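Novice: Dumping the structure here so I can ask a few things about it.
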Amino acid sequence: GMIYLTLGKILLEMKLPQIAAWQFVNVINSKDVRNYNQAVEYLIVAADELGDKTILNYAISKMRISDFPQEHRDMLFFRMGEVKFDSKDYKGAANFFEKVSDGSKYFEKAIYNTAMSYAHLNDAEKAISKFRYLFSIRQKFKITDNWRVAALMGLARTYYQFQDWQRSVYFYRLVPRDHKLWHEALFESSWALLRA
């Protein structure tokens, strides 16, 4: 088991996550108790790099979150949120996304996805609150910052979804002209104006 684990780690470092994943699966299937948890942990890292939900689901089914080391927990919570979101379990998705800690590279995406989960659950208040929070933490960035604009678009679309046309138009108009989403914002705001 230890040989497969070491080989898997080396392959992961060589940026070969697909081949590495199979080494970790070998350790998990061998019932090697000493290396089992580490194999599951590295398999989740490999699945994350591959963006492979099937491997991720398999790995998650083989572990307890409490066994998972802190430095990889944010990634795990984020990926589990995605799995729940994809299966339309928006409450479960929001629950996992909200566990992602501040400072994680997944943090902004997790806030955005939490807001989207609440929008799917028709909880306007929580969706708007999350989009506003995302906007507030990106406010110090330049106006074309992608997360800042994503928050504006999220607010505009959520207000549109809940038929608050004036607020919807207000947020669409805050999307800067030199951002790639400007044309989309212009098009969507024209619908909001029409509805108003």
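Novice: Residues in the stretch 158-170: is at least one of a type in the set (Ser, Thr, Tyr), open to solvent by 30 Å² or more (accessible area, probe 1.4 Å) and touching a His at 6+ places or on another chain (Cβ under 7 Å)?
Specialist: Step one: filter the stretch 158-170 for residues of a type in the set (Ser, Thr, Tyr), giving 158-160, 168, 170.
In the following step, the residues that additionally are open to solvent by 30 Å² or more (accessible area, probe 1.4 Å) were identified as 160, 170.
If we keep only those that are touching a His at 6+ places or on another chain (Cβ under 7 Å) as well, we get none.
No.
Novice: What single numbered condition from (1) part of a helix (DSSP H, G or I); (2) surrounded by 18 or more Cβ atoms within 10 Å (Cβ to Cβ) fails to hold for Arg73?
Specialist: (2)
Novice: How do the pairs read when you match residues in the stretch 13-41 that are of a type in the set (Val, Ile, Thr) with residues anywhere that are open to solvent by 60 Å² or more (accessible area, probe 1.4 Å) and not in a helix (DSSP H, G or I), using Cβ under 7 Å and keeping only pairs 6 or more apart or on different chains?
Specialist: Ile28/Lys62; Val40/Lys62
Novice: Moving to a separate point now. Being free of Cβ contacts under 8 Å to residues at least 24 places away in the same chain and small (Gly, Ala, Ser) is true for just one of Gly103, Gly154. Which residue is that?
Specialist: Numbers: Gly154 fails: free of Cβ contacts under 8 Å to residues at least 24 places away in the same chain.
Selected residue: Gly103, the only one of Gly103, Gly154 that is free of Cβ contacts under 8 Å to residues at least 24 places away in the same chain and small (Gly, Ala, Ser).
Novice: Is the stretch 21-44 home to any residue that is among the polar types (S, T, N, Q), at pLDDT 85 or above and over 18 Å from the mean Cα position of the chain (by Cα)?
Specialist: Keep residues of the stretch 21-44 that are among the polar types (S, T, N, Q), which gives 23, 26, 29-30, 35, 37-38.
If we keep only those that are at pLDDT 85 or above too, we end up with 23, 26.
Now narrow it down to the ones that are over 18 Å from the mean Cα position of the chain (by Cα): 23, 26.
Yes, the stretch 21-44 contains a residue that is among the polar types (S, T, N, Q), at pLDDT 85 or above and over 18 Å from the mean Cα position of the chain (by Cα).
Novice: Quick one: would you say Ile3 is farther than 30 Å from Leu121 by Cα, open to solvent by 70 Å² or more (accessible area, probe 1.4 Å) and not hydroxyl-bearing (Ser, Thr, Tyr)? Write out each step before concluding.
Specialist: On the way: farther than 30 Å from Leu121 by Cα: yes; open to solvent by 70 Å² or more (accessible area, probe 1.4 Å): yes; not hydroxyl-bearing (Ser, Thr, Tyr): yes.
Considered against the rule, which asks whether it is farther than 30 Å from Leu121 by Cα, open to solvent by 70 Å² or more (accessible area, probe 1.4 Å) and not hydroxyl-bearing (Ser, Thr, Tyr), Ile3 comes out as yes.
Novice: Shifting gears a bit: So, in the stretch 21-44, how many residues would count as being closer than 16 Å to Tyr58 by Cα and in a loop (DSSP other than H, G, I, E, B)? Explain how you work it out, then say what you get.
Specialist: Taking the stretch 21-44 and keeping what is closer than 16 Å to Tyr58 by Cα, we get 21-31, 36-44.
From the residues that got through so far, the ones that are in a loop (DSSP other than H, G, I, E, B) too are 30-31.
Selection size over the stretch 21-44: 2.
Novice: Of the conditions (1) farther than 20 Å from Thr114 by Cβ; (2) modelled with pLDDT of 95 or more; (3) not small (Gly, Ala, Ser), Lys130 clears all except one; give me its number.
Specialist: (1)
Novice: Of all residues in the stretch 171-185, which are within 25 Å of Lys105 (Cβ to Cβ) and either open to solvent by 90 Å² or more (accessible area, probe 1.4 Å) or in contact with a strand residue (DSSP E or B) (Cβ under 6 Å, 6 or more places away or on another chain) (or both)?
Specialist: Lys180, the sole residue that qualifies.
Novice: Is the stretch 82-94 home to any residue that is in a helix (DSSP H, G or I), open to solvent by less than 20 Å² (accessible area, probe 1.4 Å) and among the β-branched types (Val, Ile, Thr)?
Specialist: Just the residues of the stretch 82-94 that are in a helix (DSSP H, G or I), to begin with: 82-86, 90-94.
From what's left, open to solvent by less than 20 Å² (accessible area, probe 1.4 Å): 92-94.
Keeping just the survivors that are among the β-branched types (Val, Ile, Thr) gives none.
No; the residues of the stretch 82-94 include none that is in a helix (DSSP H, G or I), open to solvent by less than 20 Å² (accessible area, probe 1.4 Å) and among the β-branched types (Val, Ile, Thr).
Novice: Pick from the stretch 103-117 the residues that are among the hydroxyl-bearing types (Ser, Thr, Tyr) and surrounded by fewer than 24 Cβ atoms within 10 Å (Cβ to Cβ): which of them is farthest from Thr158 (Cα to Cα)? Outline the logic, then answer.
Specialist: From the stretch 103-117, those among the hydroxyl-bearing types (Ser, Thr, Tyr) are 104, 106, 112, 114, 117; that's our starting set.
Those left that are additionally surrounded by fewer than 24 Cβ atoms within 10 Å (Cβ to Cβ): 104, 106, 112.
Details: Ser104: 26, Tyr106: 22, Tyr112: 12 Å.
Ranking the qualifying residues of the stretch 103-117, first place goes to Ser104.
Novice: Within 29 Å of Phe131 (Cα to Cα), open to solvent by less than 30 Å² (accessible area, probe 1.4 Å) and in a helix (DSSP H, G or I) - does that describe any residue in the stretch 12-20? Walk me through how you get there before you give the answer.
Specialist: Here is the first cut: in the stretch 12-20, the ones within 29 Å of Phe131 (Cα to Cα) are none.
No, the stretch 12-20 has no match at all.
Novice: Kindly indicate the residue of the stretch 127-146 that is under 20 Å from the mean Cα position of the chain (by Cα) and closer than 16 Å to Lys180 by Cβ and also surrounded by the most Cβ atoms within 10 Å (Cβ to Cβ) among those meeting that condition. Quick ask: steps written out before the conclusion?
Specialist: First, pick out the residues of the stretch 127-146 that are under 20 Å from the mean Cα position of the chain (by Cα): 127-138, 145-146.
Restricting the remaining residues to those that are closer than 16 Å to Lys180 by Cβ gives 145-146.
Working: Asp145: 16, Asn146: 13.
Among residues in the stretch 127-146 that are under 20 Å from the mean Cα position of the chain (by Cα) and closer than 16 Å to Lys180 by Cβ, the one surrounded by the most Cβ atoms within 10 Å (Cβ to Cβ) is Asp145.
Novice: Quick check: anything in the stretch 114-123 touching a Gly at 6+ places or on another chain (Cβ under 6 Å) and among the charged types (D, E, K, R)?
Specialist: Start the filter on the stretch 114-123 by keeping residues that are touching a Gly at 6+ places or on another chain (Cβ under 6 Å), which leaves 115.
If we keep only those that are among the charged types (D, E, K, R) too, we end up with none.
No, every residue in the stretch 114-123 fails to be touching a Gly at 6+ places or on another chain (Cβ under 6 Å) and among the charged types (D, E, K, R).
The values are calculated or read from the model by the stated rules, or taken from the named source; none is laboratory data. This structure is a prediction, so every number in the text was calculated from the model and none was measured. Methodologically, a virtual Cβ is constructed for each residue, glycine included, from the backbone with ideal geometry; neighbour enumeration extends over all protein chains shown. Side chains are part of the model used for accessible areas, which takes the heavy atoms of the whole protein and leaves out ligands, DNA and RNA. Shrake-Rupley method; radii C 1.70, N 1.55, O 1.52, S 1.80 Å.
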